[in-house]
Amino acid sequence: MSFEGQPVETTMSVPPRAMRAPIRIGHITLDDHAILAPMTGVSDLPFRKLVKGFGAPLVVSEMIASKAVILETKNAIRMAQMDAIERPFSVQLAGCDPEVMAEAAKLNEDRGADINFGCPVKKVVNGMAGSALMREEGLAERILEATAKAVKIPVTLKMRMGWDHQSLNAPKLAKIAENVGIQMITIHGRTRCQMYKGSADWAFVKSVKDAVNVPIIVNGDITNYEDIDNALEQSGAAGIMIGRGTYGRPWFVNQACAYIRGEGRMPDPALDIQRDIVLQHYEEMLSYYGEINGLRIARKHIGWYASGLHDSAQYRQKVNTSTDVSAVKIMIRDYYDSLLERGYTQRAHEKVMEGEGE
């Protein structure tokens, strides 16, 4: 997947790739510096394939419960599916039992393993997984060590700054993780108690970066070129992880990579190409989930793609109330074609939707 577009000249405050070292994750080397975040209900196989097709160096799956992986539940098997185009790829695992997490990593050794200490959602935290583990440093260390020792592939970690602002222990946990063999750490610049409110604290990430020698990736609220500059400059991180900034913009990770390489601000694809991307994504979701579930899940993506476009509210309403798979396909085509006929060429503005992820 590619699109035409000439970069726009810009003055960068962060060094371009020519001056930035590759990201080395054990034996894996990433020459580019932007990664797709694991996002529940978003970074499924159809979406990851799109993002990877545009040129993302690394994509991470939705969070999967480690116990479900071992039990080989239908949902876990589906969520862990991978296409050859995705390599290098990582499955994000959540859980609270070191042995179960280690076994789940073994079962995904041909893919890759990322450990989740960052999910703030109540049902995950109540199960002593996700960001709850940031309050249990002893258990967190046992999970990290067991998982890293169980596999020959590099294991990575994603976490937050801490449980709350009275316990910002990410630097300490990062050092623990490094000592037991974790090869890369991503920090979302919020505490668990913040959930997704407020603003990500990119500057705090520098304290984690200064505590360890493994690559640190900064995550949270990176939705435009200015955010890329500021996140990298304030954190000193080796790279960025983008989550909600990709909603309706599967090309944004690639744009970020090009920008960090010093190639300027690449414009979004032209509307006719965006139309074809939406149709391709829709078809992939129907094939992956089946028509009924595929249409249901596709609605949010179709809405995100149209965010900022003219007359998008009426279009979204029509899509959201239709149960006819073929009719929705026609709606997509007709909507973009009508914009093109009226001379629209681009979004009126960028808008990032709220939701879980990152």
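The values are calculated or read from the model by the stated rules, or taken from the named source; none is laboratory data. Worth saying up front: this structure is predicted, and the values here are computed from it rather than measured. Every residue, glycine among them, receives a Cβ derived from its backbone with ideal geometry; neighbour counts consider all protein chains shown. Note: areas computed on protein heavy atoms with side chains; ligands, DNA, RNA excluded. Shrake-Rupley method; radii C 1.70, N 1.55, O 1.52, S 1.80 Å.
Among all residue pairs at least 6 apart or on different chains, which show Cβ distances below 8 Å where the first residue, located in segment 258-282, is among the acidic types (Asp, Glu) and the second is part of a helix (DSSP H, G or I) and open to solvent by 50 Å² or more (accessible area, probe 1.4 Å)?
Filtered contacts from segment 258-282: ASP272/LEU340.
Quick check on my filter: what residues within segment 300-312 are assigned to a helix (DSSP H, G or I) and open to solvent by 40 Å² or more (accessible area, probe 1.4 Å)? So that I can check it myself, show each step before the final result.
As a first pass, look at segment 300-312 and keep what is assigned to a helix (DSSP H, G or I): 300-306, 312.
Listed by number, the list holds a single entry, LYS300.
Filter segment 137-162 down to residues that are open to solvent by 10 Å² or more (accessible area, probe 1.4 Å) and without any contact (Cβ under 8 Å) to a residue 40 or more places away in the chain, then give me how many there are.
Residues flagged as open to solvent by 10 Å² or more (accessible area, probe 1.4 Å) and without any contact (Cβ under 8 Å) to a residue 40 or more places away in the chain within segment 137-162 amount to 4.
Being among the hydrophobic types (A, V, I, L, M, F, W, C) and in contact (Cβ under 8 Å) with a residue 60 or more places away in the chain narrows it down to one of ALA65, ALA84, so name that one. Don't jump to the end; show me each part of the working.
On the way: ALA84 fails: in contact (Cβ under 8 Å) with a residue 60 or more places away in the chain.
None of the others qualify; the one that does is ALA65.
Just to be sure I understand, how many residues within segment 244-264 are within 27 Å of GLN183 (Cβ to Cβ) and either touching a strand residue (DSSP E or B) at 6+ places or on another chain (Cβ under 7 Å) or aliphatic (A, V, I, L, M) (or both)?
8
Provide a single number: the residues in segment 313-330 that are open to solvent by less than 40 Å² (accessible area, probe 1.4 Å), under 22 Å from ASP272 (Cβ atoms) and in contact with a helix residue (DSSP H, G or I) (Cβ under 8 Å, 6 or more places away or on another chain). Explain how you work it out, then say what you get.
Kept after step one, since they are open to solvent by less than 40 Å² (accessible area, probe 1.4 Å), are these residues of segment 313-330: 315, 319, 322, 325, 327-328.
Add one more test, that the residue is under 22 Å from ASP272 (Cβ atoms), and what stays is 315, 319, 327-328.
Checking the rest, the ones that are also in contact with a helix residue (DSSP H, G or I) (Cβ under 8 Å, 6 or more places away or on another chain) come to 315, 319, 328.
Residues that pass the stated criteria total 3.
Pick out the one residue from ASP201, ASP229 that is open to solvent by less than 30 Å² (accessible area, probe 1.4 Å), touching a helix residue (DSSP H, G or I) at 6+ places or on another chain (Cβ under 9 Å), touching a residue at least 24 places away in the same chain (Cβ under 8 Å) and among the charged types (D, E, K, R). Walk me through it before giving the result.
Working: ASP201 fails: open to solvent by less than 30 Å² (accessible area, probe 1.4 Å).
When all the criteria are applied, what remains is ASP229.
Which of the following residues is within 22 Å of ALA146 (Cβ to Cβ) and surrounded by 21 or more Cβ atoms within 10 Å (Cβ to Cβ): ALA68, ALA129? Explain how you work it out, then say what you get.
Values: ALA68 fails: surrounded by 21 or more Cβ atoms within 10 Å (Cβ to Cβ).
Going through ALA68, ALA129 in turn, just one is within 22 Å of ALA146 (Cβ to Cβ) and surrounded by 21 or more Cβ atoms within 10 Å (Cβ to Cβ): ALA129.
Taking segment 143-176 on its own, how many of its residues are of a type in the set (Val, Ile, Thr) and within 18 Å of CYS96 (Cβ to Cβ)?
Taking segment 143-176 as the starting set, the residues that turn out to be of a type in the set (Val, Ile, Thr) are 143, 147, 151, 153, 155-156, 176.
Still in the list and also within 18 Å of CYS96 (Cβ to Cβ): 143, 147, 155, 176.
The qualifying residues number 4.
Taking ASP268 and the conditions (1) under 18 Å from GLY53 (Cβ atoms); (2) in a helix (DSSP H, G or I); (3) out of contact with any strand residue (DSSP E or B) (no Cβ under 8 Å at 6 or more places or on another chain), which numbered condition does it fall short on, given that it satisfies the others?
So ASP268 meets the others, but not (2).
Specify which of the listed residues (ILE297, ILE273, ILE292) is part of a helix (DSSP H, G or I) and open to solvent by less than 30 Å² (accessible area, probe 1.4 Å). Walk me through how you get there before you give the answer.
Numbers: ILE273 fails: open to solvent by less than 30 Å² (accessible area, probe 1.4 Å); ILE292 fails: open to solvent by less than 30 Å² (accessible area, probe 1.4 Å).
On inspection, the qualifying residue turns out to be ILE297.
Just to be sure before I move on: is VAL60 of a type outside the set (D, E, K, R) and at pLDDT below 80 in the structure I sent?
In short, no.
Is one or more of the residues making up segment 280-299 at pLDDT 95 or above, within 27 Å of LEU340 (Cβ to Cβ) and of a type in the set (Lys, Arg)?
yes
Go through (1) under 18 Å from the mean Cα position of the chain (by Cα); (2) modelled with pLDDT of 95 or more; (3) open to solvent by 10 Å² or more (accessible area, probe 1.4 Å); (4) over 22 Å from PHE47 (Cα atoms) one by one and return the number of the condition ASN213 breaks.
Every listed condition holds for ASN213 apart from (1).
Restricting to segment 1-44, count the residues that are outside any loop (DSSP other than H, G, I, E, B), among the aliphatic types (A, V, I, L, M) and modelled with pLDDT under 95. Explain how you work it out, then say what you get.
Restricting attention to segment 1-44, the residues satisfying the condition of being outside any loop (DSSP other than H, G, I, E, B) are 8, 17-19, 23-25, 28-30, 34-36.
Those still in the list that are among the aliphatic types (A, V, I, L, M) too: 8, 18-19, 23, 25, 28, 30, 34-36.
Subsequent filtering for residues that are modelled with pLDDT under 95 retains 8, 18-19, 28.
Here the count works out to 4.
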